[in-house]
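Q: Dropping a structure here in structure tokens format, bear with me for questions.
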Amino acid sequence: MQLKPYARTLAVALSLAFVAGCSSSGGTQDGSMDGTSGGAAGSGAAGSGQVSGTGLGAGGTAGQQADGRIPEQRTIYFEFDSDRIRSEFEPVLSAHARYLRSNGSARVVLQGHTDERGTREYNMALGERRARSVERFLSVQGVSPSQVEVVSYGEERPAARGQNEEAYAQNRRVVFAY
């Protein structure tokens with residue numbers, strides 16, 4: 001039975017349609033999480049690898065290293081109670097996909113996180129859904145499933161302490177751990 005090639009083709013077609021349908025003309029190009037310029041996007045967590053300025057690395061591609069190193073930006077952020085990948089982070093995910101495809105022995109753990117609102121069980125599930133949505137994006141981009149592992153930490157490992165929207169926004173994330 002030759003269902004597998006058709007399923008892959010269908011997955012690629014659906015993801016392209018999704019990306020085209022989700023493209024936005026709004027938003028910021030500075031990498032801010034809340035739609036305002038500036039912000040605290042790079043504060044706090046070591047290894048978050050925020051790209052400053054326009055969000056574009058050398059050569060004009062967000063997070064992509066010209067010499068084939070792991071992309072600098074290793075954290076993407078999500079809206080409240082959502083596992084939908086925001087359009088401003090698609091170039092970051094594409095850069096990670098390119099790196100993983102060109103380095104077949106590289107492995108990554110996608111660490112899903114949430115803010116503290118909600119029950120522990122709900123947040124564990126939401127963190128996993130966020131990491132799985134990134135995993136699906138990478139898979140559609142041609143990354144081997146054997147290179148990717150998904151872990152959810154829910155609310156257990158916050159990047160920022162506090163009970164305000166700024167802290168919550170920094171905690172709703174998926175981290176690429178190589």
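The values are calculated or read from the model by the stated rules, or taken from the named source; none is laboratory data. On a predicted model such as this, the values are computed, not experimentally measured, just so you know. All Cβ positions, even for glycine, are placed from backbone atoms using ideal geometry, and neighbour counts span all protein chains on display. SASA here: full protein model, heavy atoms, side chains in, ligands and nucleic acids out. Shrake-Rupley method; radii C 1.70, N 1.55, O 1.52, S 1.80 Å.
Q: Taking all protein chains as present, what is the carbon and sulfur share of the accessible area of segment 61-178, in % to the nearest whole number, probe 1.4 Å?
A: 45
Q: Another question about this same structure. At Asn164 and Asp81, where each label point lies 7 Å from the Cα along Cα→Cβ, what is the point-to-point distance in nanometres?
A: Spacing of the two 7 Å Cα→Cβ label points: 2.4 nm.
Q: Give the long-range amide H neighbours of Val150: residues separated by 5 or more places, or on another chain, with amide H under 5 Å away, using H modelled in the peptide plane at 1.01 Å from N.
A: Leu110
Q: Have a look at the DSSP beta bridges in segment 80-178 and tell me what percent are antiparallel, nearest 5.
A: 40
Q: Could you derive backbone 3J(HN,Hα) for segment 83-89 from the dihedral phi with the Karplus parameters 6.51, -1.76 and 1.60 (θ = phi - 60°), listing whole Hz in sequence and x where the residue is Gly or Pro?
A: 10, 7, 6, 6, 4, 5, 9
Q: Right, next: What percent does the relative contact order of segment 74-168 come to when contacts are Cα pairs within less than 8 Å and at least six residues apart?
A: 33
Q: Shifting gears a bit: Can you give the accessible area per residue of segment 84-134, in Å², using a 1.4 Å probe?
A: Heavy-atom SASA per residue in segment 84-134 reads 42 Å².
Q: Tell me the label-point distance for the pair Ser102, Arg69, using the 7 Å Cα-to-Cβ offset, in nm and rounded to one decimal.
A: 1.4
Q: Turning to a different aspect of this structure: For segment 87-148, what is Rg from Cα atoms divided by 2.2 N^0.38 Å, rounded to two decimals?
A: It is 1.23.
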